[in-house]
1. Of the residues K285, K297, only one is touching a residue at least 40 places away in the same chain (Cβ under 8 Å) and under 15 Å from I255 (Cβ atoms); which?
2. Looking at the range 389-399, is at least one residue part of a loop (DSSP other than H, G, I, E, B), under 18 Å from the mean Cα position of the chain (by Cα) and surrounded by fewer than 16 Cβ atoms within 10 Å (Cβ to Cβ)?
3. When you scan the range 245-291, how many residues do you find that are crowded, with 16+ Cβ neighbours inside 10 Å and not in a strand (DSSP E or B)?
4. Which ones in the range 120-137 are in contact (Cβ under 8 Å) with a residue 60 or more places away in the chain and either basic (K, R) or touching a Pro at 6+ places or on another chain (Cβ under 6 Å) (or both)?
5. Going by what's in this entry, would N324 be described as without any contact (Cβ under 8 Å) to a residue 12 or more places away in the chain and surrounded by fewer than 24 Cβ atoms within 10 Å (Cβ to Cβ)?
6. I'm told G312 meets every condition in (1) surrounded by fewer than 19 Cβ atoms within 10 Å (Cβ to Cβ); (2) touching a Lys or Arg at 6+ places or on another chain (Cβ under 9 Å); (3) closer than 23 Å to F408 by Cβ except one. Can you identify the failing condition by its number?
7. Filter the range 176-187 down to residues that are in contact (Cβ under 8 Å) with a residue 24 or more places away in the chain, in contact with a strand residue (DSSP E or B) (Cβ under 7 Å, 6 or more places away or on another chain) and surrounded by fewer than 21 Cβ atoms within 10 Å (Cβ to Cβ), then give me how many there are.
8. Checking the structure you have, find out if any residue of the range 228-242 is assigned by TED's automatic domain parsing to the domain that holds K152 and on the phi > 0 side of the Ramachandran plot.
Amino acid sequence: MNRKNCSFKTKDPKPSCSYSDVPEKILEFSTSGEDTEDSEEEEVGSDSSIVKSLRKTKSKTTTTSNSRLKSVASALSQKEEEDFPDKSSDRGPDDVSDFNNYSIIFVVDSIRLMEMNIEVVAPPIQHGEGPFWNHKNKSLYFVDTFQQTVLKWDSFSKNITTHQLNGDSVGFLVPVKKMIDTFMLCRDREVCLFTWDGACNNTGVLQTLLRVDEDQPYNQFNDGKTDARDLTVANDGGSLYCITSNPELHIDIKISPVSISNGLAWSGDQKSFFYIDSVTRKIMKYSFNLSRGHISKPKILLDIDSYPNLKGIPDGMTVDTEDNLWVALYGGKAVIKVDSKTGKLLLVIEMPVTYVTSVTFGGANFKTLFATTSRLNLSPNELLNEPSAGSVFAIDNLGVRGYPPDQFIFQSKPQ
């Protein structure tokens, strides 16, 4: 099937679960009328324990499955068998995989039991990245980096439309204020203006505005977002740039050199900037001056190396309205939640795929966390175990919400 000439349609979302407060440190979870055994809480270094159980919906009829109760910072502590009703009897043979729907239970700080839902909303592509939610048309935009493709998932119709570019890669796109269906798009080493309503495939218009690192053919734009005024972009293998329009487009280097430049986020008051250079396995925190677009006073907020049981490298990142960071672990099969003030690890969400690339909040009231993923580095045998790799996942019932994406502002209309 030629992806350039077709639209994908995903399945209707499954019902979500709810969360509830629990008073005890050790929780009992029962299903199908049968009680499970108690499990002991384990420490994550100096942090509170994060215990979770993953229950996977099987096929067609009621089956017996393993409910895994695992500490993120220690080995598997307990496995037990439990019966539960099948929730996928309406699936057809064309479904993406058996990984479409997960129910996950977490204990964080020994206080709350949350049961949340993870489901596939967009089928696999090679290497998903750069997601953001457009609350006006209720759609999720993201890219397939090395297929040079922009995708739009419509939450009403469940359809996906695409626009394929030329070149070697596309990193991300962000909306432009007061310009309908218009985006700042970065691909290869080019900053472009991209106009596309997403109604049909391959109908967008691309205009190159400026170029960087023309003498560095292996560099590429990788991740980027806007603050309340400027566009900050990360250039893989080069520098972290800030692009302003005052009134002409101007680009400044903020951090250089960098290796694999990735996650970007700002605090709600726009006084702190958070940044990930993936190879370092660190989340950095900077003081941020919005009016000047200036960052200073770098410090390590969280070092993944401090948590031996967290695998992979930090990748894309977003922030909720409580100023907690949500970070994709590429190669780590997880999304983590971090307190942006203290650097404390608050939550680890085990994902059904290994390579999680980025996250963003969207959906109704920005309460859904969308996660893009990759299958680029998986062997054929590994893909048999992770058929949903490369899908976009929606994670619901997190008890938090995010912000609408900031929009780039042109002081004068680009020529």
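The values are calculated or read from the model by the stated rules, or taken from the named source; none is laboratory data. Model, not experiment: these values are computed from the prediction. Counting neighbours? That spans all protein chains shown, and the Cβs are built from the backbone with ideal geometry, glycine included.
1. Just a single option satisfies the conditions, and that option is K285.
2. Restricting attention to the range 389-399, the residues satisfying the condition of being part of a loop (DSSP other than H, G, I, E, B) are 389-391, 397-399.
So of that shortlist, the ones also under 18 Å from the mean Cα position of the chain (by Cα) come out as 389-391, 397-399.
Now restrict to residues that are surrounded by fewer than 16 Cβ atoms within 10 Å (Cβ to Cβ): 399.
The answer is yes; a qualifying residue exists.
3. Result for the range 245-291: 6.
4. Residues satisfying the conditions are F132, H135.
5. Working: without any contact (Cβ under 8 Å) to a residue 12 or more places away in the chain: no; surrounded by fewer than 24 Cβ atoms within 10 Å (Cβ to Cβ): yes.
No, not satisfied.
6. It fails just one condition, (3).
7. Here the count works out to 1.
8. Step one: filter the range 228-242 for residues assigned by TED's automatic domain parsing to the domain that holds K152, giving 228-242.
Checking the rest, the ones that are also on the phi > 0 side of the Ramachandran plot come to 237.
Yes: the range 228-242 contains one or more residues that are assigned by TED's automatic domain parsing to the domain that holds K152 and on the phi > 0 side of the Ramachandran plot.
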